[in-house]
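Have a look at the structure below, then the notes.
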Amino acid sequence: MDIAIDHDRCIGAGQCALIAPEVFDQGDDGLALLLVDRPGAAQAPAVREAAESCPLSAITVTEDREPAA
């Protein structure tokens, strides 16, 4: 799972930090801050929920691909 934050879209609503505090925080400017580049499987559901809850869709989550057989 890869996570990207579009800081041009982020308004600092803080939903991500509330939902997944192990992965997201807010910087001094109030904007989203990524604490973990590649969270573990246990954090994945909260990261997805945080991305879905972002009011301006500033968080993008890209799932890892399964290796081809």
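The values are calculated or read from the model by the stated rules, or taken from the named source; none is laboratory data. Model, not experiment: these values are computed from the prediction. Cβ coordinates were reconstructed from backbone atoms using ideal geometry, including for glycine residues, and neighbour counts include every protein chain displayed. Only protein heavy atoms, including side chains, enter the accessible area calculation; ligands, DNA and RNA are left aside. Shrake-Rupley method; radii C 1.70, N 1.55, O 1.52, S 1.80 Å.
Numerical summary
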read-out	value
Dipole magnitude (debye, nearest 20) for the stretch 30-69, charges at Cβ of Lys, Arg, Asp, Glu	80 debye
Helix 44-53 vs. the chain, principal-axis angle (Cα, 0 to 90°, nearest 10)	40 degrees
Choice from A42, A13, A32 with maximal GNM fluctuation in the chain (Cα, 10 Å cutoff)	A42
Potential extension, R9-R38 segment - 0.36 nm per residue separation minus Cα distance	8.3 nm
Which label in [x] 62, 21, 14; [y] 31, 24, 21; [z] 45, 21, 17 gives the computed Cα extents along the principal axes in Å	[z]
Cβ-defined net charge surrounding G12, 14 Å radius [Lys, Arg +1; Asp, Glu -1]	-4
Accessible solvent surface per residue of the chain, calculated while the other protein chains remain in place, 1.4 angstrom probe, Å²	65 Å²
Relative contact order for the chain, counting Cα pairs under 8 Å that sit 6 or more residues apart, in percent	42 percent
